[in-house]
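**Q** Sending over a structure as structure tokens; questions will come in a sec.
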Amino acid sequence: MTTTSATPLLEVEGLKTSFKTSRGIVKSVDDVSFVIPAGTTLGVVGESGSGKSVTSLSIMRLVARGGGSIDDGVIRLNKPGQPAIDIRNLDEKSMRRVRGNDIAMIFQEPMTSLDPVWSIGDQIIEAVRLHQKVSRAEAREKAIEMLRLVGIPAPESRVDDFPHQLSGGMRQRVMIAIALSCRPALLIADEPTTALDVTIQAQILNLIRRLQKEIGMSVLFITHNLGVVAEIADRVAVMYAGQVVEEGPVRAIFSAPRHPYTVGLLKSIPTPGSSSNPMASRKLDTIGGAPPDPVALPHGCRFAPRCPLAIDECQKAPPPLFPVGENHGARCIRWPEVSK
Amino acid sequence: MSAPIPLLDVRGLTKRFPVKAKPFSRQKKFVHAVEDVSFSVGRGEVVGLVGESGSGKTTIGRTIMRLTDPTAGQIVYDGTDIAHLPRRQMMAFRRKIQMVFQDPFASLNPRSKVGELIAEGMEIHGIGTPAERRAEVSRLLGLVGLSAEAAQRFPHEFSGGQRQRIGIARALAVSPGFIVADEPVSALDVSVQAQVLNLLQDLKEQLGLTILFIAHDLSVVEHFCDRVIVMYLGRIMEIAPRERLYAAPKHPYTEALLSAAPVPDPDREGKRIVLEGDIPSPINPPSGCVLRTRCRYALPECAQIVPPLREIAPGHLKACIRDDIL
């Protein structure tokens, strides 16, 4: 069966990924589902340990090295006009082709992701030639072109620089150049701007948006920064304790959240402009308590122990994802009463 | 009536780090980390120090703590210039000025119990008897919202937010008059960050703390600080009360910094001013105004003179020669 343009580029259904630890099995991702239509950006937000990075590593099939396994679910990549790719059941050789060719990934720390003994040009050339049949000279031309595209000044000379000769912002742009040199259908960006200064972050976000328009790629953007999500995402998935607790269009998530955790997150960040508002409190709203122990998750709703709206019923059974609006779901039985 | 004497008055503070010269090179090079910085912090005031990597904000904090010695300038704390105080005399001031770090345990002995870590400062300064110190540790743990049993546990048993509470308790143990907080919440998750900010706010109100709050998150600084100092490449660009700085920035760098900060509102309109290029090398900073290579308002004159930090409204200072912008 070939894919039509109406099929989303990426479909994740009922994904479960766990890690064996000395303390027991950690269900890092537990029944996560979402889709990313072609050319759009899904922002995944959540705090440390919510499972957002493991979700992306599962899509790349990179969890085995860390002792993890994908236990259940479907990860399907639908490239227009081509048969759907069942990522979970792909052999390793084909999977290597998918990584880089179809799905590329950029990480938070560009210094550790670049090889310090190779010039940045060599690293881009390697990526290009691994996935495309071109000569070394052609690949070098492509590398220079990519560096120019990501806004590196004087790319003809910079191409021979080594990673340590570049600033953090430039290294991250080089990582993006490597990731994009194969024109992937999906870019997974895991906290790509967290280590960067705001003015450089603004440059990188502009760059991702511009390239998305130019090559029509889809983006899975993982971050804990709600401001960044508001700027870059079309849709947002909020993760808590291994589950998507709310998912919907970016406007709905920010203006009409329907899960108490989303509300708690939005209220706990200082609002820009608070200094011009004499009524603004010097106290922030907080979410009491701490996330649950991953080896001893609550039986019912995982947020219930911290939730201001929790009732006895919340502890009885895990809540399903209720449809709460147009393309908007929330995992909360009291969602009609939830408001910002 | 004259203005009250500030608790901390920094005048012309300069810190240059020598760079290892290349063999046979005649020129000695320096990293110009902090250049001619002057500001003051009043008693009970919370002053934010913002800027990007390499702006010199952390160096200023470390110089005030005398963890590094200034190249030039004065650091007047409560009437005494501590910039060049000998080590022995500095000890007394170490007790008055304490620091809260981004991760308080990154540099501490993981084998020490939390109680020992908090009591360490009191021991060094000879405060109280062992029994009194134990009681004080319990009181401090309660003050920062932890149970007294925490004293018997090890740092690794605590979450990031709890560790930061312990770091704050440790800083408060010697009853300091001044706290330098260097990115105290930037490593924390947002919900934990809110808890720690609220704790700092409570402590500030209860104990009348004076805080120099070093951070790169502009909305956290807007929320928490009374006054804000904006730095770029070792120099102060602008100083203003928070409500003025955020509503009507007068320096091109502040304008760009504020417009670059992502806002948690998908409907926000508003043009983003992207500063092109990267921060120049602090070894060889641009002549004149350090921002001019990236400033959209730069004129030829900007390369000629270092713009002085001048008062443009009460309490509002900027280092920019242009008054026809913003």
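**Q** Residues in the range B:10-44 that are over 15 Å from residue B:234 (Cα atoms), without any contact (Cβ under 8 Å) to a residue 40 or more places away in the chain and of a type in the set (A, V, I, L, M, F, W, C): how many?
**A** Total meeting the criteria: 2.
**Q** Among the candidates A:242, A:288, A:300, which residue alone is of a type in the set (Gly, Ala, Ser) and in contact with a strand residue (DSSP E or B) (Cβ under 9 Å, 6 or more places away or on another chain)?
**A** A:242
**Q** Also, quick follow-up: Quick one: is residue B:66 over 24 Å from residue B:218 (Cα atoms), charged (D, E, K, R) and surrounded by fewer than 21 Cβ atoms within 10 Å (Cβ to Cβ)?
**A** Criteria met by residue B:66.
**Q** Looking at (1) more than 14 Å from chain A (Cβ to nearest Cβ); (2) touching a Leu at 6+ places or on another chain (Cβ under 8 Å); (3) closer than 15 Å to residue B:100 by Cβ, which is the only condition residue B:185 fails?
**A** (1)
**Q** For residues that are within 14 Å of another protein chain (Cβ to nearest Cβ) and under 12 Å from the mean Cα position of the chain (by Cα), scanning just the range B:188-213, find the one that is farthest from residue B:53 (Cα to Cα).
**A** B:211
**Q** Examine the range B:38-50 for a residue that is more than 20 Å from residue B:174 (Cα to Cα) and assigned to a loop (DSSP other than H, G, I, E, B), and state whether such a residue exists.
**A** yes
**Q** Are there any strands (runs of 3 or more DSSP E) wholly within the range B:181-247 with 2 or more residues that are touching a residue at least 40 places away in the same chain (Cβ under 8 Å) and closer than 20 Å to residue B:170 by Cβ, and if so which?
**A** Result: B:210-215.
**Q** Of (1) in a loop (DSSP other than H, G, I, E, B); (2) of a type outside the set (Val, Ile, Thr); (3) over 21 Å from residue A:238 (Cβ atoms); (4) within 9 Å of another protein chain (Cβ to nearest Cβ), residue A:275 satisfies all except one. Which?
**A** Exception for residue A:275: condition (1).
**Q** Could you list, in sequence order, the residues of the range A:234-247 that are within 14 Å of chain B (Cβ to nearest Cβ), of a type in the set (A, V, I, L, M, F, W, C) and surrounded by 24 or more Cβ atoms within 10 Å (Cβ to Cβ)?
**A** Passing the criteria: A:236, A:238, A:239, A:245.
**Q** Tell me the residue from A:193, A:199 that is touching a helix residue (DSSP H, G or I) at 6+ places or on another chain (Cβ under 7 Å), of a type in the set (Ser, Thr, Tyr) and facing chain B (nearest Cβ under 7 Å), please.
**A** After ruling out the rest, the residue left standing is A:199.
**Q** May I ask you to list the residues in the range A:316-330 that are out of contact with any Lys or Arg (no Cβ under 9 Å at 6 or more places or on another chain) and either facing chain B (nearest Cβ under 9 Å) or in a loop (DSSP other than H, G, I, E, B) (or both)?
**A** A:316, A:317, A:326
**Q** Also, quick follow-up: Which of the residues that make up the range B:229-246 are within 9 Å of another protein chain (Cβ to nearest Cβ) and either modelled with pLDDT under 90 or farther than 23 Å from residue A:225 by Cβ (or both)?
**A** B:241, B:243, B:244
**Q** Residues in the range A:118-137: is at least one surrounded by fewer than 21 Cβ atoms within 10 Å (Cβ to Cβ) and within 14 Å of chain B (Cβ to nearest Cβ)?
**A** Checking the range A:118-137: not a single residue is surrounded by fewer than 21 Cβ atoms within 10 Å (Cβ to Cβ) and within 14 Å of chain B (Cβ to nearest Cβ).
**Q** In addition: For residues that are in a loop (DSSP other than H, G, I, E, B) and either surrounded by 23 or more Cβ atoms within 10 Å (Cβ to Cβ) or free of Cβ contacts under 8 Å to residues at least 12 places away in the same chain (or both), scanning just the range A:257-269, find the one that is farthest from the other protein chains (Cβ to nearest Cβ).
**A** Looking at the filtered set, the residue picked out is A:258.
**Q** Another question, then. Can you name the helices (runs of 4 or more DSSP H) wholly within the range A:31-150 that have at least 3 residues being at pLDDT below 90 and more than 20 Å from the chain's Cα centre (by Cα)?
**A** A:120-131, A:136-149
**Q** A further question on this structure: Please verify whether residue A:15 is under 27 Å from residue A:252 (Cβ atoms) and buried (at least 21 other Cβ atoms within 10 Å of the Cβ), treating the condition exactly as stated.
**A** Criteria met by residue A:15.
**Q** Before we move on, is residue A:252 closer than 30 Å to residue A:76 by Cβ, surrounded by fewer than 24 Cβ atoms within 10 Å (Cβ to Cβ) and either more than 12 Å from chain B (Cβ to nearest Cβ) or in contact with a helix residue (DSSP H, G or I) (Cβ under 8 Å, 6 or more places away or on another chain) (or both)?
**A** no
**Q** Let me ask something else. State all residues of the range A:151-160 that are assigned to a loop (DSSP other than H, G, I, E, B), surrounded by fewer than 19 Cβ atoms within 10 Å (Cβ to Cβ) and on the phi < 0 side of the Ramachandran plot; if no residue qualifies, say none.
**A** Result: A:153, A:160.
**Q** Among the numbered criteria (1) closer than 30 Å to residue A:170 by Cα; (2) touching a residue at least 60 places away in the same chain (Cβ under 8 Å), which one does residue A:95 miss?
**A** Going through the list (1) closer than 30 Å to residue A:170 by Cα; (2) touching a residue at least 60 places away in the same chain (Cβ under 8 Å), residue A:95 breaks only (2).
**Q** Related question: Looking at A:21, A:7 in this structure, which one is buried (at least 16 other Cβ atoms within 10 Å of the Cβ), polar (S, T, N, Q), modelled with pLDDT under 95 and more than 18 Å from the chain's Cα centre (by Cα)?
**A** Sole residue among the options that is buried (at least 16 other Cβ atoms within 10 Å of the Cβ), polar (S, T, N, Q), modelled with pLDDT under 95 and more than 18 Å from the chain's Cα centre (by Cα): A:7.
**Q** Oh, and also: Can you name the residue in the range A:285-315 that is among the β-branched types (Val, Ile, Thr) and away from every other protein chain (no Cβ under 14 Å) and, of all such residues, is nearest to residue B:162 (Cα to Cα)?
**A** A:295
**Q** Follow-up. Which one is surrounded by the most Cβ atoms within 10 Å (Cβ to Cβ) among residues in the range B:247-294 that are among the polar types (S, T, N, Q) and more than 10 Å from chain A (Cβ to nearest Cβ)?
**A** Ranking the candidates gives B:254 first.
**Q** Cβ-Cβ below 7 Å, separation at least six or inter-chain, first residue in the range A:52-75 and closer than 20 Å to residue A:108 by Cβ, second of a type in the set (D, E, K, R) and part of a helix (DSSP H, G or I): which pairs?
**A** Matching pairs, first to second residue: A:60/A:99.
The values are calculated or read from the model by the stated rules, or taken from the named source; none is laboratory data. Note that the coordinates shown come from a computational prediction; the quantities given were computed from them, not determined experimentally. Using ideal geometry, Cβ is built from the backbone for each residue, glycine included, and neighbour counts are taken over all protein chains shown.
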